[in-house]
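See structure below.
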Amino acid sequence: MRHQIHDLLAPLPGTARQIHSFHFGPQPAKGKIYIQSSLHADEMPGMLVAWHLKQRLAELEAAGRLRSEIVLVPVANPAGLEQVLMDVPLGRYELESGQNFNRWFVDLSEEVGNAIEGQLGDDPQRNLELIRDSLRHALARQTASTQLQSQRLTLQRLACDADMVLDLHCDFEAVAHLYTTPEAWPQVEPLARYIGAQASLLATDSGGQSFDECFTLLWWQLKERFGEHFDIPHGSFSVTVELRGQGDVSHPMASLDSQALIDYLIQFGAIAGEPAPLPDLPYPATPLAGVEPVATPVGGLLVFSALPGQYLEAGQLIAEIIDPISDRVTPVHCTAAGLMYARSLRRMATAGMVIAHVAGAEAYRSGYLLSP
Ligand SMILES: [Zn+2]
């Protein structure tokens, strides 16, 4: 295991932070896997999984079973981790700018496309290496002027040439679920089975230039631009893995999740071994554009009747919103049928607030598909 330390741009004198990456596997290795956790710094289940994984990868490395380089970044957002305001951790948005830590990773598809134009050939492997090389150089040329940009750039540089990128998050109260692209789904489906994903949400471009999409979109856009004349492989695929809810931090669960990731890496060929039998897929993949963000029209005390992981019929009751002054009770229903994979942690809802997400089978939304 090799431990690397990456200095971030210090926002103020005396406040320098670092990203720590742990690199397992032979050198040179066949392929690269990148795994990070807690990019939203108040989402801890993934960090515990990463810690379990760190011990397991060290054992597997000692046993000579790693084929690919596996890069692990257990603390992907040191800047957000320190944002605790009056006993409440606030790890999703940077307090200074209000920006989501998992948005606006730099889009280099045009720059890379311009750089490789005229150099592509018939050999897809050579095209892949050319694109990766160009991407590494383009990222090396980028400069950051804030700590947030510097953190994003550091993570993007570490992951840009990986075959597979796993970004471990969680929701508020939720069952295990994941986000990936329709193009990657055949490769990701075994992960959904091992991890027991009760919803798998697919979109090519959900509009926010999130960490997972900054890699897949680059290859997709190059394929759109040059694919008619040249064989451009999908050089990278990525998955945002949502390891249930914020409170779901326990050793038994993290140990099972870490085993699920190892089973998947064996199945993928990054770790030598006999793949574990594939469990059933709990729920088929559905379009991200089919997710209903169920909002309450009024504010009040939020009393859920539906549980995360529950399949809801169209029009089924999710919660009641109670106004204890007027005694008004407002029922909130879902519109379409689907699996309710996540719900809010708050119990005092404000008018217009999204209280739950239901994965429906039919795409009906378009444009920006993510939460703010
Ligand atoms: Zn998150």
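The values are calculated or read from the model by the stated rules, or taken from the named source; none is laboratory data. Here the structure is a predicted model, which is why all the values come from computation and not from measurement. For neighbour counting, all protein chains shown are included, and Cβ atoms are generated from backbone atoms with ideal geometry for every residue, glycine included. Heavy atoms of the whole protein, side chains included, go into the accessibility calculation; ligands, DNA and RNA do not. Shrake-Rupley method; radii C 1.70, N 1.55, O 1.52, S 1.80 Å.
Overview of results
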quantity	calculated
Residue tally, condition closer than 30 Å to PRO26 by Cα and in a strand (DSSP E or B), over the stretch 259-289	1
Qualifying residue in the stretch 242-262 (condition: under 30 Å from ARG126 (Cβ atoms) and in contact with a helix residue (DSSP H, G or I) (Cβ under 8 Å, 6 or more places away or on another chain))	no
Number of positions in the stretch 234-278 that are away from the ligand (no atom under 16 Å from the Cβ) and either among the small types (Gly, Ala, Ser) or modelled with pLDDT of 95 or more (or both)	31
Residues located in the stretch 220-231, provided they are in contact with a helix residue (DSSP H, G or I) (Cβ under 9 Å, 6 or more places away or on another chain) and either crowded, with 22+ Cβ neighbours inside 10 Å or among the small types (Gly, Ala, Ser) (or both)	LEU222
Test for ASP42: is it within 16 Å of the ligand (Cβ to nearest atom) and among the charged types (D, E, K, R)	yes
Residue satisfying all of: in the stretch 75-103; crowded, with 16+ Cβ neighbours inside 10 Å and among the charged types (D, E, K, R); nearest to the ligand (Cβ to nearest atom) among these	ARG92
Search result, residues across the stretch 61-74 that are of a type in the set (A, V, I, L, M) and within 16 Å of the ligand (Cβ to nearest atom)	VAL73
Criterion (in contact (Cβ under 8 Å) with a residue 40 or more places away in the chain and touching a Phe, Trp or Tyr at 6+ places or on another chain (Cβ under 8 Å)) met by exactly one of ARG103, ARG92	ARG92
So GLY98, is it over 23 Å from ASP167 (Cβ atoms), out of contact with any strand residue (DSSP E or B) (no Cβ under 8 Å at 6 or more places or on another chain) and not in a strand (DSSP E or B)	no
Residues of the stretch 160-194 that turn out to be more than 16 Å from the ligand (Cβ to nearest atom) and touching a strand residue (DSSP E or B) at 6+ places or on another chain (Cβ under 8 Å), as a count	14
Among residues of the stretch 277-290, those that are open to solvent by less than 30 Å² (accessible area, probe 1.4 Å) and of a type in the set (Gly, Ala, Ser), counted	2
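Conditions (1) open to solvent by 50 Å² or more (accessible area, probe 1.4 Å); (2) hydrophobic (A, V, I, L, M, F, W, C); (3) under 26 Å from LEU345 (Cβ atoms), marked per residue:
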| position | (1), (2), (3) |
| --- | --- |
| GLU129 | yes, no, no |
| ASP133 | yes, no, no |
| ARG136 | yes, no, no |
| LEU139 | no, yes, no |
| THR154 | no, no, no |
| LEU178 | no, yes, yes |
| PRO182 | yes, no, no |
| GLN198 | yes, no, yes |
